Amino acid sequence: MIRFDRRGLRLATISIAALVAGMGGAASAQDKITLTFANWAAAEGTTRPGIEKVIADFEAANPEIDVVSEAISFSEIARQLVLRARSGNPPDVAQIAGNDTVLLAFTGALEPLDGYVKENLAANLKQGADAGLRDDGGLFAFPWNQSPAGFWYNKEIMQKAGLDPNKPPRTIDELTAALAAIKSSQPDVIPLAIDTTNRAFALSSNWPWMKSFGAVPVGEGATGAESAEMKAYLSWMRKIAQAGYIDPGRRIGEFRPLAAQGHVAFIWDQVLLKGVMQGASKMSDDDFYKTWGVTTLPAGAGKPTTFEGGHQLVMFASGKQKEAAWKFIEYLATSPDAIANYTMSVNSSLPSIKATGKAELDAALGTPVFKAFSDEIIPTLAPQPYGPDFAAAATAIMAGVQEAVTGSQPIDDIAASIQLGLPQ
Amino acid sequence: MAAETTTTEVRVRSRARHEPWLDRMVLPTLVVMAVVVGYPIVYTIALSVQNYNLLDFRPAAYVGAANYTKLAGDPIFWGSLANTAIYTFGSVGVSALLGLALALLMENLGGARFRAIRALLLTPWAVPFVVVAFLFRYMYLQNGGVINAVLLSTGIIDAPVPWLNSSTLALPAVMVANVWAMAPFFFLLLSAALSAIPNEVIESARVDRAGTWGMIWHIKLPFLRNPLLISSLLMVISNFNDFAKIWAMTQGGPGYSTSTLVVYVYRLAFERFEFGYASAVGVIWLTMLMVLAWIYMRVLRMESR
């Protein structure tokens with residue numbers, strides 16, 4: 001017979017209790033749903049703390065769901081998601097933007113979301129927030145936030161150049177004159193910051209400029225690269241480059257610190273610029289509004305337009321936990337906490353819904369920059385020719401833009417070479 | 001003596017006749033090679049005759065030589081091929097000359113001070129390629145770059161030069177960065193080769209009153225020929241595949257002025273997802289590399305004789 005002394009009995013009790021607790025823990029771990037979330041928010045220093053907090057808050061509110069955040073850089077995420085979708089190993093949810101969203105939809109790997117969006121959420125979505133996110137199968141991506149580009153102007157630099165700081169240029173001619181005034185009065189300032197790199201994002205960013213001249217090189221209603229409007233756009237780009245009004249070859253992100261230091265007069269950038277500049281310069285909101293204003297793009301022969309640089313959330317059709325995945329998507333895009341801790345703070349963008357349900361958040365949307373974007377700029381959003389051929393078109397068009405900006409080849413030849421490189 | 005040699009040769013030939021053409025001991029190596037090297041090559045060749053787009057989930061369609069026909073008329077491919085040749089042979093040629101000059105200059109300099117200089121000269125080789133690329137990218141900036149700042153302040157130029165933003169200057173500018181990173185390799189290798197020249201040869205030349213140039217031209221260079229050839233071929237192969245520097249500095253631009261074959265393949269495969277066409281370019285690229293590798297092997301064999 002086995003005899004237990006008091007100490008032995010205590011140890012045995014503790015052991016049994018620990019075993020039971022462990023089994024219970026194991027059972028609850030087994031019941032837990034694990035979602036994989038591929039995103040670049042966790043890959044970037046400025047947004048990582050915000051997204052990590054939002055994920056932690058979601059997990060706290062939904063203890064049955066674990067979110068595994070997979071950090072992938074912005075420039076890599078489309079490639080990785082396409083390859084993972086092809087190899088049958090996609091994440092449950094992913095952050096995506098621009099042409100990459102449409103590319104993923106084209107693979108047929110995305111779950112249509114119409115069935116998940118309840119009526120009240122559909123009614124609360126901003127008008128046009130889901131534009132370009134639908135195909136024959138319905139809604140293939142949910143708008144997480146809105147981040148269109150605006151024409152930012154530095155009032156102090158304008159004033160020093162003898163320009164009215166409250167009257168930003170409205171036409172291409174006014175802009176050209178303003179650039180000349182700035183260059184002659186402040187040679188160390190970059191008069192206009194635009195992205196002229198050769199990548200798909202650069203075409204998205206330059207598309208509204210082309211449209212300002214009435215040029216539509218590809219897509220619906222295309223007039224080709226050899227149209228008079230496209231040549232006018234290329235000629236203007238060459239003119240402002242030769243005059244030293246732009247600094248070619250820089251990514252838009254490389255202009256932001258310079259803008260924060262007061263070395264850029266005009267910059268064509270997204271709503272997030274405010275957060276980036278304030279982060280770099282530690283400028284207060286009041287000082288920022290005194291220094292910077294934002295408005296619509298100056299127009300030439302065409303109308304002012306802008307592009308949507310906001311981020312979307314997609315769910316993969318092969319995922320096993322679709323209800324949980326949708327719950328997470330809905331939380332990221334609509335929960336007041338997520339909007340406060342990520343969308344409007346670290347990501348410095350606008351929510352895709354009309355009312356957040358929190359008065360202070362809705363009030364923050366009334367500040368000058370957010371208001372200018374909501375009231376003036378977002379209504380000028382225009383669709384882009386996104387699709388599988390967009391990257392090829394971007395390579396051809398941006399190579400031509402670079403040639404116009406940096407070379408001496410006749411504009412007619414450049415336009416012809418762009419046309420030759422466009423997907424037929 | 002002659003009869004002895006003949007008997008040995010007969011024995012060797014007889015042994016060679018009895019050796020199996022495939023030893024089972026090399027099978028594991030062959031299997032590994034087939035999986036690691038053979039399969040990707042065969043698969044790339046198979047893809048090159050298909051219309052295979054990664055975005056299209058339908059099965060790939062066999063298109064025969066269509067991708068190769070398209071390639072023959074593709075001006076970007078030919079431009080990229082020309083850029084690859086200029087970048088590779090230009091960089092290797094200049095680096096080899098620079099490395100040789102440095103090795104000859106530093107050959108007889110001893111002492112701690114010169115050892116430190118020697119170590120300093122080697123540091124660019126130790127810097128990762130991506131770091132080199134970004135370093136030069138920021139140095140070349142049209143506004144705010146240190147190169148333009150120095151040239152402007154010394155009055156050599158009166159306006160900033162668009163080093164990486166000019167179709168004509170971009171490729172030479174990238175090559176300068178490449179030469180900076182590669183020349184130390186040649187310096188290291190040729191310094192070792194110089195120190196291996198027998199002292200008797202040098203002494204004899206001195207006795208014959210060979211001058212500095214005569215010594216370099218008639219004595220040292222013949223000794224350096226083989227190491228120079230082998231290292232150059234090695235670097236040609238390495239530069240043929242160089243992606244990091246060009247991508248980080250110019251992404252192949254402005255226009256296509258710095259686009260090389262590897263950059264073009266990357267854009268086709270990972271931006272446009274046209275794996276079929278990208279594979280066709282890859283097969284041509286692979287063929288050229290194999291020719292270079294074959295030349296390299298021949299040179300090595302010649303040297304061992």
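Considering only B:255, B:147, B:215, and ranking their Cα positions along the charge dipole of region B:76-273 that arises from unit charges at the beta-carbon of Lys, Arg, Asp and Glu, the one farthest toward the positive end is B:147.
Can you tell me which of B:51, B:199, B:226 moves the most in a GNM of chain B? Springs connect C-alpha atoms under 10 Å apart. Looking only at B:51, B:199, B:226, the biggest GNM fluctuation is shown by B:199. Note on region B:190-222 and region B:234-305: Cα centroid distance 38 Å, given to the nearest whole angstrom. The 1.4 Å probe gives accessible areas that order A:389, A:173, largest first, as A:173, A:389.
Please work out whether the protein assembly as shown counts as rounded, prolate or oblate from its C-alpha gyration tensor, where a ≥ b ≥ c are the square roots of the eigenvalues and a/c under 1.5 means rounded, while otherwise a/b larger than b/c means prolate and anything else oblate?
Working: a/c = 1.82, a/b = 1.29, b/c = 1.42.
Cα axes put the protein assembly as shown in the oblate bin.
Indicate the gyration tensor shape class of region B:154-215 (rounded, prolate or oblate), computed on the Cα atoms with a ≥ b ≥ c the square roots of the eigenvalues: a/c under 1.5 is rounded; otherwise a/b larger than b/c is prolate and the rest oblate. It comes out prolate by the Cα gyration axes. Taken about its Cα centre, region B:143-287 carries a charge dipole of about 100 debye when Lys and Arg each add +1 at the Cβ and Asp and Glu each add -1 at the Cβ.
Counting only DSSP H runs of at least 4 residues, each contributing -39500 (n - 2.57), and dividing by the residue count of the protein assembly as shown, the helix-based mean residue ellipticity at 222 nm comes to -17500 deg cm²/dmol.
In chain A, the longest principal axis of the Cα atoms and the axis of helix A:411-421 are about 30 degrees apart.
Each Lys and Arg Cβ is given +1 and each Asp and Glu Cβ -1; about its Cα centre, chain B then shows a dipole of about 400 debye. Comparing A:221, A:190, A:104 along the charge dipole axis of region A:79-222, the residue lying farthest to the positive side is A:190, per the Cβ-charge model.
Each Lys and Arg Cβ is given +1 and each Asp and Glu Cβ -1; about its Cα centre, chain A then shows a dipole of about 900 debye.
Volume of the convex hull of region B:76-273 (Cα atoms only), normalised per residue: 148 Å³. For chain A, what class follows from the C-alpha gyration tensor (a ≥ b ≥ c being the square roots of its eigenvalues): rounded when a/c is under 1.5, otherwise prolate if a/b is larger than b/c, else oblate? It comes out prolate by the Cα gyration axes. For the set B:218, A:311, A:263, the ranking by accessible area, highest first and with no ligand, DNA or RNA atoms included, is B:218, A:263, A:311 under a 1.4 Å probe. Using only Cα atoms, find the angle between the long axis of helix A:200-212 and the longest principal axis of chain A, and express it within 0 to 90 degrees, rounded to the nearest 10. Computed tilt is about 40 degrees. Screening chain B for whole DSSP H helices of 18 Å or more along their axis (Cα) with average Kyte-Doolittle hydropathy at least 0.0 returns B:75-106, B:111-126, B:170-195, B:221-240, B:275-304. In the context of the full set of protein chains, residues of region B:76-273 present 47 Å² of accessible surface per residue (probe radius 1.4 Å, heavy atoms only). Interface burial in region A:232-254 reaches 50 Å² or more for A:250, A:254, comparing the full protein assembly with the chain by itself; accessible area from heavy atoms with a 1.4 Å probe.
The values are calculated or read from the model by the stated rules, or taken from the named source; none is laboratory data. Note that the coordinates shown come from a computational prediction; the quantities given were computed from them, not determined experimentally. Counting neighbours? That spans all protein chains shown, and the Cβs are built from the backbone with ideal geometry, glycine included. When the accessible area is computed, the model is the full protein with side chains, heavy atoms only, and any ligands, DNA or RNA have been set aside. Shrake-Rupley method; radii C 1.70, N 1.55, O 1.52, S 1.80 Å.
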